[in-house]
Ligand code: ADP
């Protein structure tokens, strides 16, 4: 499955929320990042066909160049506020979703068993949804999003509110998933990106600030991090990001600085994200 987002613009009244966005999705796991208000939810809502774009198109191609209509696309979606009917058992709830997804009756059991297995909920299949822990409920949400061989899966902040144990389970679960369609994972958590996503998209102010592999994102070759004493900071003329630390500043720059500052040997994902989301000039990305 290939999805091409072409020249996508969304305005609400006069406010531009997405500005001429171009993106390509293939069968990979994409991390969608960006500060609040950067347009992530709007992009997801357009991909889900819940909102019409003001301009631009989204093209879906199944086999190489064969275009398909959005109406024939099966979308798996885990919303931020996923909930289940309290009185339903886990399997009844999945049966219900299978009907909504128009999965043939003969295929339903196989499909349900498959996603129960995938999300480690097989033993819980008879449990009432009201008895599920937060983490189990989230797994049920993931199970329903993968029901019926979706053409694209969108998971909106899937790890928010999970305890560390459930977070690890989620990571393990994602590793088991066979990536046979584009999976878009919207998240604020940088660790999710480095653990789960092969590619990263960063939005800011409705524009694409970064689009590329996670490897490049977390190992940027053009970012330098130094520790600097407070009184030396005034000498720095370059454009930098500074973060107050115990006995001075940590500074991030996109050029090697010729001062006698202590350079950190590794650049963390947080450093890279901070730098990209604050200082990458949008016009240089076009
Ligand atoms: P994110 O998910 O990255 O936080 P959103 O897509 O929710 O960003 O929002 C982007 C911008 O669009 C925000 O400034 C938000 O206020 C605005 N916005 C979103 N939905 C609407 C709407 N229905 N009407 C008007 N403005 C909206």
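The values are calculated or read from the model by the stated rules, or taken from the named source; none is laboratory data. Just so we're clear, the structure is a prediction, and the values are computed from it rather than from any experiment. No Cβ is skipped: glycine too gets one built from the backbone with ideal geometry, and neighbour counts run over all protein chains shown.
Kindly indicate whether residue 25 is at pLDDT below 90, under 20 Å from the mean Cα position of the chain (by Cα) and surrounded by 15 or more Cβ atoms within 10 Å (Cβ to Cβ). The answer is no for residue 25. Here residue 18 fulfils each of the conditions (1) surrounded by fewer than 19 Cβ atoms within 10 Å (Cβ to Cβ); (2) within 16 Å of the ligand (Cβ to nearest atom) apart from (1). Would you be able to say whether some residue in the range 168-189 is over 13 Å from the mean Cα position of the chain (by Cα), over 22 Å from residue 2 (Cα atoms) and free of Cβ contacts under 8 Å to residues at least 12 places away in the same chain? Yes.
In this entry, residue 48 passes the filter for residues that are within 17 Å of residue 8 (Cα to Cα), over 13 Å from the mean Cα position of the chain (by Cα) and surrounded by 13 or more Cβ atoms within 10 Å (Cβ to Cβ). Could you check the range 72-110 and list, in sequence order, the residues that are more than 21 Å from residue 48 (Cβ to Cβ) and surrounded by 12 or more Cβ atoms within 10 Å (Cβ to Cβ)? Selection gives 85, 88, 89, 90, 91, 92, 95, 107, 108, 109.
Yes or no, residue by residue, for (1) outside any loop (DSSP other than H, G, I, E, B); (2) at pLDDT 95 or above; (3) buried (at least 19 other Cβ atoms within 10 Å of the Cβ); (4) touching a helix residue (DSSP H, G or I) at 6+ places or on another chain (Cβ under 8 Å):
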position: 120; (1), (2), (3), (4): no, no, no, yes
position: 135; (1), (2), (3), (4): yes, no, no, yes
position: 150; (1), (2), (3), (4): no, no, yes, no
position: 160; (1), (2), (3), (4): no, no, no, no
position: 170; (1), (2), (3), (4): yes, no, yes, yes
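Of the set (1) part of a strand (DSSP E or B); (2) more than 20 Å from the chain's Cα centre (by Cα); (3) without any contact (Cβ under 8 Å) to a residue 60 or more places away in the chain, all apply to residue 5 but (2). The requirement of being out of contact with any helix residue (DSSP H, G or I) (no Cβ under 7 Å at 6 or more places or on another chain), part of a helix (DSSP H, G or I) and modelled with pLDDT of 90 or more is satisfied by residue 141.
Just to verify a result, which residue in the range 53-71, among those that are at pLDDT 95 or above and surrounded by fewer than 17 Cβ atoms within 10 Å (Cβ to Cβ), is nearest to the ligand (Cβ to nearest atom)? In this case the residue turns out to be 54. Considering 235, 217, the condition of being out of contact with any strand residue (DSSP E or B) (no Cβ under 8 Å at 6 or more places or on another chain) and touching a residue at least 12 places away in the same chain (Cβ under 8 Å) is satisfied by 235 alone. Here residue 35 meets the list (1) over 26 Å from residue 64 (Cβ atoms); (2) near the ligand (Cβ under 9 Å from one of its atoms); (3) buried (at least 16 other Cβ atoms within 10 Å of the Cβ) almost entirely, failing just condition (3).
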